[in-house]
2 protein chains.
Amino acid sequence: MAVEARLYNGTRDVLPEELLPRNALLKSLVATFESFGFAPLETPAMEYLDILLGKYGTDGEKLIYKLAYKGGEVLALRYDLTVPLSRMVAMNPELPLPFKRYQVQPVWRADRPQPAQGRFREFIQCDVDTVGTASLAADAENVAVVAAGIRALGLERFEVRINHRRLLRGMVEAAGLARSDEANVLRAVDKLDKIGREGVQKELSELGIAGDAQARLLACMDVSGGPEEMLRRAEEDLGSSEDARIAIRELRELLDFTAALGVDAERLAIDFHLTRGLDYYTGPIYEVRLLELENFGSLGGGGRYDDLMSIYGGTAVPATGVSIGLSRVLSALLKLGRLQPRSTPSQALVFRMADTPMVEVLKLCSELRTAGVPCEPFYEAERLKKQFQLAERKGIPCAVLLGSDEIAQGTATLKHLKSGVQETVARADLARRISELNRA
Amino acid sequence: MAVEARLYNGTRDVLPEELLPRNALLKSLVATFESFGFAPLETPAMEYLDILLGKYGTDGEKLIYKLAYKGGEVLALRYDLTVPLSRMVAMNPELPLPFKRYQVQPVWRADRPQPAQGRFREFIQCDVDTVGTASLAADAENVAVVAAGIRALGLERFEVRINHRRLLRGMVEAAGLARSDEANVLRAVDKLDKIGREGVQKELSELGIAGDAQARLLACMDVSGGPEEMLRRAEEDLGSSEDARIAIRELRELLDFTAALGVDAERLAIDFHLTRGLDYYTGPIYEVRLLELENFGSLGGGGRYDDLMSIYGGTAVPATGVSIGLSRVLSALLKLGRLQPRSTPSQALVFRMADTPMVEVLKLCSELRTAGVPCEPFYEAERLKKQFQLAERKGIPCAVLLGSDEIAQGTATLKHLKSGVQETVARADLARRISELNRA
């Protein structure tokens with residue numbers, strides 16, 4: 001009963017070459033999250049469909065994987081980590097607030113996948129949220145944690161672009177547009193990077209927005225300069241809008257707080273075009289752009305969403321969160337040549353020589369492991385050439401050859417494959433020498 | 001459009017109290033796996049149903065969550081990590097063998113959940129497998145990695161019980177039973193711990209096994225003593241069975257290899273009753289029992305399965321693997337009082353005093369984080385009592401109070417909540433002092 005081995009289109013196996021560096025990145029990200037007091041949370045993959053749709057509405061339904069279940073209610077796979085967080089907070093009224101959590105788990109989207117662009121139907125989402133405080137210090141901590149996290153991952157030249165949903169509202173108002181157009185208008189503006197200015201204007205026209213209103217809106221947004229300069233300009237343009245006044249005050253406070261948290265001012269910029277597609281944002285929003293690679297796009301982003309929790313809880317709970325695009329970061333580091341793909345943690349392959357009993361090979365493996373050198377034995381009795389080939393193919397940097405002479409003399413022959421260095425080393429020094437060669 | 005927040009029966013949120021210690025355990029497990037040269041692998045949650053059923057057959061179908069999909073083929077959630085591994089190896093013929101991998105991912109079972117016993121419909125599986133070698137050294141490495149892993153997790157008194165599928169076959173043969181009864185008979189014997197000797201005899205009778213055959217079978221199994229003594233006894237009882245002779249030779253070799261790998265002989269025992277329910281094992285099998293707690297059951301186990309891969313690949317690929325029950329280990333450590341549940345990584349809560357600007361609070365947080373002390377600020381302007389309550393409820397061990405006097409003097413007031421110790425500390429010494437108090 002042979003079954004053809006195959007994978008569902010848009011899903012993939014993640015092999016050691018990718019996971020070894022990815023897990024190292026995650027370890028350092030998690031340490032950064034925890035240094036800010038964020039605690040880990042995991043939620044189930046399966047949620048009731050109506051809970052997922054509570055946020056995304058029936059529009060979202062086609063993007064959600066439903067389960068075939070012979071029961072009353074329909075289950076589905078989570079689509080993001082924000083809905084499960086909201087549901088969890090609503091279900092745990094005794095949870096001490098503010099609740100600061102990070103969550104690193106897969107999500108599933110029944111999207112058209114684009115494997116060449118790294119877009120899959122299952123991917124790891126990496127979120128940090130603070131639930132239960134309206135303080136802008138929490139937003140500032142999100143900006144600081146994402147900046148610290150991305151630096152910890154080895155990226156130096158990036159920029160956190162900041163805007164405020166209520167400032168955008170003020171601009172929509174100042175352009176003379178109806179509140180009911182706001183969501184659609186911002187969704188069009190959000191595509192500026194992708195479809196360009198003309199593309200946005202075309203979309204706005206299709207929404208029935210008149211040319212002069214479009215011009216007024218884009219004039220409010222087309223402001224550049226240092227943060228204070230831009231905020232003063234917004235005060236002049238939008239001072240009559242209460243939303244805008246509140247937004248400007250909050251952005252100033254946010255900048256003070258991020259400075260207090262040690263975020264380099266050069267890593268921050270205000271960007272009045274930034275809208276962050278999702279409708280649920282209510283306050284400051286931000287997005288991280290990589291400057292080291294051109295047109296690389298976003299490494300992550302987030303914002304404040306004070307109303308979302310009320311869908312599940314009845315009462316509104318203020319919240320603010322940020323998501324780091326782990327696979328984007330990984331792909332940036334790869335493009336920049338800052339990741340060494342390895343397909344195994346083994347630093348040495350202990351060969352099996354014809355005259356050496358397997359127990360001797362295993363004893364040496366055990367010695368090396370105890371001394372902190374990950375290693376593996378060659379299992380079969382094979383020609384040396386085959387054993388060297390395996391080391392090459394697996395990317396194991398060192399070969400350790402142990403013949404009967406070496407056993408008698410308490411030594412081993414160590415060969416560093418890349419440099420070709422070969423030497424006889426006393427067993428007591430072997431682990432240290434392997435580490436040295438592999439560091440070089 | 002309020003939606004009632006609720007969870008699917010048999011699933012759960014895993015909160016920081018459990019995840020903080022669990023992730024620390026995982027980190028140490030993963031380091032042990034990697035020291036043996038095992039590399040990480042992740043596979044998608046969704047697999048084609050026929051691939052999952054290739055192993056479990058239609059019996060398994062009711063335990064598998066199927067997805068509602070409007071396409072030709074039916075998708076389902078993985079039920080274990082062995083089938084995805086087999087599928088992945090079959091799809092990647094260029095993979096250098098042996099492939100040593102560990103995999104820590106959730107699996108889903110449409111079982112009747114028993115939350116009180118810690119059995120959920122979604123749980124993390126933690127597997128280590130070596131694919132592509134028939135060498136018993138790989139089996140020995142599995143025994144060694146599981147023993148080293150469990151010791152690294154802080155459990156000392158445990159026993160790896162070892163048996164061999166072909167020895168069991170020899171016993172079935174020696175009892176005069178038909179080969180076609182083997183699977184059912186072993187499934188009945190497997191329940192010995194749960195239903196006792198009489199229960200097993202009852203099940204065997206229901207299978208139509210005569211009383212004298214039952215007695216012969218159980219007589220072969222009811223042997224105790226040191227490994228060599230037991231193997232000699234099996235040679236006497238079963239020497240005429242080729243399967244038994246091979247099994248005995250392999251078990252001797254396995255014991256030699258585990259000794260070479262530094263596994264304490266006291267941690268190993270042969271157990272002729274051990275059958276490991278699953279039909280797909282073909283060679284050595286083993287199971288880890290905790291001795292520190294009575295009737296605690298298994299912490300994990302595994303064995304060799306040389307035929308499984310052929311379902312997907314056409315050609316058989318020898319394989320051997322072991323699974324560690326992470327949640328079992330966690331629950332054992334909790335029962336033994338060796339885990340400190342913490343609900344936050346924060347070691348200090350920096351209070352917000354009435355006369356202190358938030359920027360000062362955030363600056364101090366930033367200083368502490370840079371000095372390696374995870375911490376968080378109190379976000380709101382609240383009475384001190386409320387701030388102390390939050391520290392208590394979150395289990396944050398230290399409170400740092402920063403008033404205008406302290407700011408002027410470059411100090412802070414540090415209070416260790418459990419001991420009640422309160423002192424004025426220079427800011428430069430604060431991180432060190434917090435670490436000291438929290439270690440004490």
**Request:** Return the residue satisfying two criteria in turn: it lies in the range B:1-38 and is closer than 22 Å to B:Val329 by Cα and not in a helix (DSSP H, G or I), and of such residues it is farthest from the other protein chains (Cβ to nearest Cβ).
**Result:** B:Gly10
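So in the range A:296-312, with the set limited to residues that are of a type outside the set (D, E, K, R) and assigned to a loop (DSSP other than H, G, I, E, B), which one is modelled with the highest pLDDT? First the steps, then the outcome.
First pass over the range A:296-312, keeping only residues of a type outside the set (D, E, K, R): A:296-303, A:305, A:308-312.
From what is left, the residues that are assigned to a loop (DSSP other than H, G, I, E, B) are A:296-297, A:305, A:308-309.
Values: A:Phe296: 84, A:Gly297: 81, A:Tyr305: 94, A:Leu308: 84, A:Met309: 82.
That would be A:Tyr305.
When you scan the range B:232-239, do you find a residue that is among the hydrophobic types (A, V, I, L, M, F, W, C) and assigned to a helix (DSSP H, G or I), even just one? Before the answer, list the steps.
So in the range B:232-239, the residues among the hydrophobic types (A, V, I, L, M, F, W, C) come out as B:234, B:238.
Adding the requirement that they be assigned to a helix (DSSP H, G or I) leaves B:234, B:238.
Checked the range B:232-239: at least one residue is among the hydrophobic types (A, V, I, L, M, F, W, C) and assigned to a helix (DSSP H, G or I).
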**Request:** Return the pairs, sorted by first residue and then second, in which the second residue is modelled with pLDDT under 95 and aliphatic (A, V, I, L, M), the first residue lies in the range B:376-404 and is under 21 Å from B:Glu423 (Cβ atoms) and in a loop (DSSP other than H, G, I, E, B), the beta carbons are less than 6 Å apart, and the residues are 6+ apart or on different chains.
**Result:** B:Gly403/B:Met353
**Complete:** Of the residues in the range B:279-312 that are touching a helix residue (DSSP H, G or I) at 6+ places or on another chain (Cβ under 9 Å) and closer than 16 Å to B:Val263 by Cβ, the one that is surrounded by the fewest Cβ atoms within 10 Å (Cβ to Cβ) is B:Gly301
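Return the residues of the range A:345-362 that are facing another protein chain (nearest Cβ under 7 Å) and farther than 21 Å from B:Ala39 by Cα; say none if nothing qualifies.
First, pick out the residues of the range A:345-362 that are facing another protein chain (nearest Cβ under 7 Å): A:345-346, A:358-359, A:362.
Scanning the range A:345-362 gives A:Met358, A:Val359.
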**Prompt:** Taking the stated definitions as given, is B:Thr275 at negative phi, buried (at least 18 other Cβ atoms within 10 Å of the Cβ), modelled with pLDDT under 95 and among the polar types (S, T, N, Q)?
**Reply:** yes
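What about A:Glu423, is it closer than 21 Å to B:Leu95 by Cα, of a type outside the set (Gly, Ala, Ser), touching a helix residue (DSSP H, G or I) at 6+ places or on another chain (Cβ under 8 Å) and assigned to a strand (DSSP E or B)? Outline the logic, then answer.
On the way: closer than 21 Å to B:Leu95 by Cα: no; of a type outside the set (Gly, Ala, Ser): yes; touching a helix residue (DSSP H, G or I) at 6+ places or on another chain (Cβ under 8 Å): yes; assigned to a strand (DSSP E or B): yes.
No: the conditions fail for A:Glu423.
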**Prompt:** Out of all the residues in the range A:69-90, is one or more touching a residue at least 40 places away in the same chain (Cβ under 8 Å), within 26 Å of A:Pro345 (Cβ to Cβ) and either at the interface with another protein chain (Cβ under 9 Å from one of its Cβ atoms) or of a type outside the set (Ser, Thr, Tyr) (or both)?
**Reply:** no
**Asked** Can you find even one residue in the range B:140-151 that is closer than 27 Å to B:Leu19 by Cβ, within 14 Å of another protein chain (Cβ to nearest Cβ) and surrounded by fewer than 18 Cβ atoms within 10 Å (Cβ to Cβ)?
**Response** yes
**Asked** So is A:Pro84 under 27 Å from A:Pro318 (Cβ atoms), touching a strand residue (DSSP E or B) at 6+ places or on another chain (Cβ under 7 Å), surrounded by 17 or more Cβ atoms within 10 Å (Cβ to Cβ) and of a type outside the set (Lys, Arg) or not?
**Response** yes
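For the range A:41-62, does any single residue satisfy the condition of being hydroxyl-bearing (Ser, Thr, Tyr), more than 7 Å from chain B (Cβ to nearest Cβ), free of Cβ contacts under 8 Å to residues at least 60 places away in the same chain and in a helix (DSSP H, G or I)? Don't jump to the end; show me each part of the working.
Within the range A:41-62, the first condition is being hydroxyl-bearing (Ser, Thr, Tyr), and the residues that meet it are A:43, A:48, A:56, A:58.
Going one step further and asking which of them are more than 7 Å from chain B (Cβ to nearest Cβ), we end up with A:56, A:58.
Still in the list and also free of Cβ contacts under 8 Å to residues at least 60 places away in the same chain: A:56, A:58.
Now restrict to residues that are in a helix (DSSP H, G or I): A:56, A:58.
Looking for residues that are hydroxyl-bearing (Ser, Thr, Tyr), more than 7 Å from chain B (Cβ to nearest Cβ), free of Cβ contacts under 8 Å to residues at least 60 places away in the same chain and in a helix (DSSP H, G or I), one finds at least one in the range A:41-62, hence yes.
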**Item:** Matching residues in the range B:367-418 - criterion: being over 17 Å from B:Ser343 (Cβ atoms), at the interface with chain A (Cβ under 9 Å from one of its Cβ atoms), surrounded by 14 or more Cβ atoms within 10 Å (Cβ to Cβ) and β-branched (Val, Ile, Thr)
**Value:** B:Val373
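The values are calculated or read from the model by the stated rules, or taken from the named source; none is laboratory data. Just so it is clear, the structure is predicted and the values come from calculations on it, not from any experiment. Heads up, the Cβs are rebuilt from the backbone with ideal geometry, glycines too, and the neighbour counts pull from every protein chain shown.
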